[in-house]
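Novice: Encoded as structure tokens, here's the structure I'll be asking about.
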Amino acid sequence: MGMSATMGDSASIPGVFFADFGPAPPEITPEGYHEVELNKTKWVLPQWYNSLKPLGEGAYGVVCTAEYEPTGDRVAIKKFFRPFQSTIHAKRTYRELKLLRTLQHDNVLEMIDVFTPDPDASSLNNVYFVSVLMGSDLQNIMKIQRLTDEQIQLLIYQVLRGLKYIHSAGIIHRDLKPSNIAVNERCEVKVFLSFSQLSFLILSFFKILDFGLARAQDAEMTGYVATRWYRAPEIMLNWMHYTQTVDVWSVGCILAELVSGRPLFPGDDHIDQLTKIMSVVGTPKEEFWSKIQSEEARNYIKNRSPIIRQDFVTLFPMASPYALELLEMMLILDPDRRISVSSALRHDYLREYSVPNDEPVAMDTVINSIVTIDPAEERATTLSDWRELIWNEIRLFQNSARRLSFVSCTDTEEEPMKI
Amino acid sequence: MTTHLPSTSQNGEEISAEQFNRIFHERNVIVLDCRSNGDSVKRANRFFCSLRLPALLQRRLMGGSMRLSTVPDLKDLNNSPDQCPEVLLIPGDSEQDEQLSAALARNLKSNHYRHFVLGEPVKTLLSQFPTLRDAADENWNTTFQMNSMPGQASGQQASSGPLLNLNQLRLEGEDQGGKQRAEFPVKLTNFLYLGNAETAKNRDVLKKYSISHVINVTSNLPNTFEEDPNMRYLRISADDNASHNLTKFFPEAISFIDDARRNDSACLVHCLAGISRSVTICLAYLMKTEMCTLDSAYEWVQKRNASIAPNFHFMGQLTDYEKMLGLNSNRVGTYPSSAPRSPSCAIEAAAVSQVGGLLTPPPTSCSASPQSSNHSAKSFH
């Protein structure tokens, strides 16, 4: 029967074969949990999550929405596909869990619960993450309606405020785009660190020579596939060292789209993408050329006739003078001359909202938790080791004050403080 | 119309539930609801929730650093006095909410807006005037239109449809270019296939397409079946960055692919993702053997797999290779994807003339050195 269940699980993923490296799922639903079948996937959840609806499926997990019964809030729950299929998968799951447990900022989408129906570390095979479900994302909002300048200011301010925190923790988002900006009906914004992207961030930051996984992620992240409309040109030009201003470029593209109502650089492929960028911001100056390491790449791009930077006033007739000024400083080809997140937060366009001491940065404990590899992790080699580590992370979060913290989200602090 | 006395309260004129209902339906008003999200009122708020300020905005208002009219939903407060809506304030039910109410009242007063404060519990208001519940419920799904109330004289249209699209947390981004990523291996000619890491280790796929030759353009992926006497491998050790020169490998790669063609079998060219390095090798082969421009070769491959993206370092090398081959590029001042599409693409014409067969053998013989080829290719046993 256990084997049959395992085969069923494998068969539910069309075209993909997964060897079962771990113990069979528990036959008995543990106390306090209930079981739900949803689109051929079995969910075993605490009893306070109900009314499941499917949301999406990806390479590493499946997501549904559910109602948190005590308050009626809807949440998003992600169930990992076989987190212990290999030590690479286990390592990814562990680091994602650790990172999400660590980051905490009201403009960054965060984990509010994590659970497993498995009774102990040795039998751990199912891991679920929970986050608040925001009503929509910026991509969908822009499909439906044009926003007022006041709304745009509020949205952009919150995106930059979230970025300030992420950057202070040593993380570059690298994939900011409208669908990664969650928005609710109160115009509250949370920057969404996509799950697959998190793994890349974790790996690249820890600088572990995990070639198979790092390279696979690198191929996805360096501008080759999926959405590249919001990606900074230096990423596409294969610069060796990105800076945090790659995210400022993305915000500039988003701001331009919010103001004009259409994408600014909708490239058909990576070559067309660069063509469209230069047709607006102009061909590079000499100091930019010298930063491109590859002579072949430089020669390739230089074949193009010189282009003068377009007049943004003409390009964005609906934009206010302050919005134009900020756009000019964000959409600069040379990342060394591009405005930083901190400076952008102080720009006049956002003056109604800018309060530096209410724009928190990550505490040292957060930064240390992200950059430090703890001894147990360093020693981990077997799946059993990773099970123990992940089990501990789950327990740590479940015992923390942050679990289901959205239930009482009132701000009781008199003074803004470092998170 | 009941005559209202001038406001004598620091925090605006207190009104009864009955007055609230009348003003709501008769005048141009904005309702500011300052109640919190506590458990006890969470569900109640669903039926009467005209404005919920984000915590960030609440702090800005209480800090005095922000004008009330800056709140997106309160834009109408910028109107001239005779067109400015009046404000109905529902005070909070906790200490913190009281602070917000007071901040809002101060803000309204200092900017000379006329406002009224509900002096009775919301429960009383809703039980006496159930239509308010229905009216508010309609507005629940019109995010960003919360300043448009049914009783408003202007008859402003609410936006159409709720915004609660649950596309958040998608794990796979939608390709906004609308192109589909091809399944590997991608057939470029009858004997040339483009693949990724997965393709190269799938014996069934290799057999299905008669692939006996494999070019592995990575430094770290294994030649999975190199013990098989029927398989031949050519490894080109290259990483996908700006420090590798693929040009010097073009001749032996071309010779290797031609060897598969002459033996009536097929060659797979793969790297990790099948996007940059392997594509570069395939483009070089097509340019050399079909004597076509980089534009034409690029378009040929892209039609079969939209997700190709040789990095610009490799594109530069291919441009140099094109010049070396003496091909007419027509590319002064343009990029491949910007060039006008030629209706007489060389490969397309060749493909049409070769129904069911191989492409025409190249007019120029391969320039690869036999010695170099033997040195790099794995020999038969």
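The values are calculated or read from the model by the stated rules, or taken from the named source; none is laboratory data. Only a predicted model underlies this, so the values are computations on that prediction, with no experimental measurement involved. Counting neighbours? That spans all protein chains shown, and the Cβs are built from the backbone with ideal geometry, glycine included. SASA here: full protein model, heavy atoms, side chains in, ligands and nucleic acids out. Shrake-Rupley method; radii C 1.70, N 1.55, O 1.52, S 1.80 Å.
Novice: Take segment B:298-316 and flag every residue that is of a type in the set (A, V, I, L, M, F, W, C) and within 7 Å of another protein chain (Cβ to nearest Cβ).
Specialist: Once the filter is applied, which keeps residues that are of a type in the set (A, V, I, L, M, F, W, C) and within 7 Å of another protein chain (Cβ to nearest Cβ), segment B:298-316 yields B:ALA309, B:PHE312, B:MET315.
Novice: Taking the conditions exactly as written (of a type outside the set (Val, Ile, Thr), open to solvent by 80 Å² or more (accessible area, probe 1.4 Å) and either at pLDDT 85 or above or outside the structural domain of A:THR93 (by TED's automatic domain parsing) (or both)), does A:PRO416 satisfy them or not?
Specialist: no
Novice: Just checking, how many residues over segment A:341-363 are crowded, with 18+ Cβ neighbours inside 10 Å and under 16 Å from A:VAL251 (Cβ atoms)?
Specialist: Residues meeting the conditions: 9.
Novice: Within segment B:273-306, take every residue that is open to solvent by less than 10 Å² (accessible area, probe 1.4 Å) and not in a helix (DSSP H, G or I) and give me the one that is farthest from B:ASN220 (Cα to Cα).
Specialist: Result: B:CYS292.
Novice: If you don't mind, another one. Given (1) modelled with pLDDT under 50; (2) out of contact with any Phe, Trp or Tyr (no Cβ under 7 Å at 6 or more places or on another chain), where does B:ALA197 come up short, assuming only one miss?
Specialist: Going through the list (1) modelled with pLDDT under 50; (2) out of contact with any Phe, Trp or Tyr (no Cβ under 7 Å at 6 or more places or on another chain), B:ALA197 breaks only (1).
Novice: Sticking with this one: Being within 23 Å of A:ASN392 (Cα to Cα), of a type outside the set (Val, Ile, Thr), open to solvent by less than 10 Å² (accessible area, probe 1.4 Å) and in a loop (DSSP other than H, G, I, E, B): is that true of A:PRO30 here?
Specialist: When the stated conditions are applied, A:PRO30 does not pass them.
Novice: Do we have A:THR87 as surrounded by fewer than 21 Cβ atoms within 10 Å (Cβ to Cβ), at negative phi and in contact with a Leu (Cβ under 9 Å, 6 or more places away or on another chain) here?
Specialist: So A:THR87 fits the description; yes.
Novice: Just for segment A:151-180: of the residues that are among the hydrophobic types (A, V, I, L, M, F, W, C) and closer than 16 Å to A:HIS347 by Cβ, which one is nearest to the other protein chains (Cβ to nearest Cβ)?
Specialist: Looking at the filtered set, the residue picked out is A:LEU154.
Novice: Could you count how many residues in segment A:128-144 are farther than 27 Å from A:PHE397 by Cα and open to solvent by 10 Å² or more (accessible area, probe 1.4 Å)?
Specialist: Residues that pass the stated criteria total 5.
Novice: Given the conditions (1) at pLDDT 85 or above; (2) surrounded by fewer than 22 Cβ atoms within 10 Å (Cβ to Cβ); (3) not hydroxyl-bearing (Ser, Thr, Tyr), report the number of the one that B:VAL269 does not fulfil.
Specialist: Against the list (1) at pLDDT 85 or above; (2) surrounded by fewer than 22 Cβ atoms within 10 Å (Cβ to Cβ); (3) not hydroxyl-bearing (Ser, Thr, Tyr), B:VAL269 comes up short only on (2).
Novice: Could you tell me which of the residues A:ASP73, A:ASP118 is of a type in the set (Asp, Glu) and modelled with pLDDT of 80 or more?
Specialist: The unique qualifying residue is A:ASP118.
Novice: With the checklist (1) within 13 Å of chain B (Cβ to nearest Cβ); (2) modelled with pLDDT under 80 in hand, flag the one item A:THR148 doesn't pass.
Specialist: Exception for A:THR148: condition (2).
Conditions tested, residue by residue: (1) at pLDDT 70 or above; (2) closer than 27 Å to A:ASP149 by Cβ; (3) open to solvent by 40 Å² or more (accessible area, probe 1.4 Å); (4) more than 14 Å from every other protein chain (Cβ to nearest Cβ).
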{"site": "B:PRO85", "(1), (2), (3), (4)": "yes, yes, no, yes"}
{"site": "B:ALA102", "(1), (2), (3), (4)": "yes, no, no, yes"}
{"site": "B:ARG114", "(1), (2), (3), (4)": "yes, yes, yes, yes"}
{"site": "B:PRO121", "(1), (2), (3), (4)": "yes, no, yes, yes"}
{"site": "B:GLN128", "(1), (2), (3), (4)": "yes, no, yes, yes"}
{"site": "B:THR143", "(1), (2), (3), (4)": "no, yes, no, no"}
{"site": "B:MET146", "(1), (2), (3), (4)": "no, yes, no, no"}
{"site": "B:PRO150", "(1), (2), (3), (4)": "no, yes, yes, yes"}
{"site": "B:PRO162", "(1), (2), (3), (4)": "no, yes, yes, no"}
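Novice: For segment B:269-314, which residues satisfy the criterion of being under 25 Å from the mean Cα position of the chain (by Cα) and of a type in the set (A, V, I, L, M)?
Specialist: The answer is B:LEU272, B:ALA273, B:ILE275, B:VAL279, B:VAL301, B:ALA306, B:ILE308, B:ALA309.
Novice: While we're looking at this one, here's another question. Given (1) assigned to a loop (DSSP other than H, G, I, E, B); (2) modelled with pLDDT under 90, identify the lone condition not met by A:ARG338.
Specialist: Every condition holds for A:ARG338 apart from (2).
Novice: If a residue must be open to solvent by 10 Å² or more (accessible area, probe 1.4 Å) and not basic (Lys, Arg), how many such residues does segment A:152-170 contain?
Specialist: So the answer is 4.
Matching residues to (1) within 20 Å of the chain's Cα centre (by Cα); (2) under 20 Å from A:ALA256 (Cα atoms); (3) among the polar types (S, T, N, Q):
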position: A:VAL108; (1), (2), (3): yes, no, no
position: A:ASP118; (1), (2), (3): no, no, no
position: A:SER122; (1), (2), (3): no, no, yes
position: A:VAL127; (1), (2), (3): yes, no, no
position: A:VAL130; (1), (2), (3): yes, no, no
position: A:ASN140; (1), (2), (3): yes, yes, yes
position: A:LYS143; (1), (2), (3): no, yes, no
position: A:TYR157; (1), (2), (3): yes, yes, no
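Novice: Run down B:VAL352, B:VAL279 and say which single residue is at pLDDT 50 or above and either under 30 Å from A:LEU237 (Cα atoms) or not hydroxyl-bearing (Ser, Thr, Tyr) (or both).
Specialist: Among B:VAL352, B:VAL279, only B:VAL279 is at pLDDT 50 or above and either under 30 Å from A:LEU237 (Cα atoms) or not hydroxyl-bearing (Ser, Thr, Tyr) (or both).
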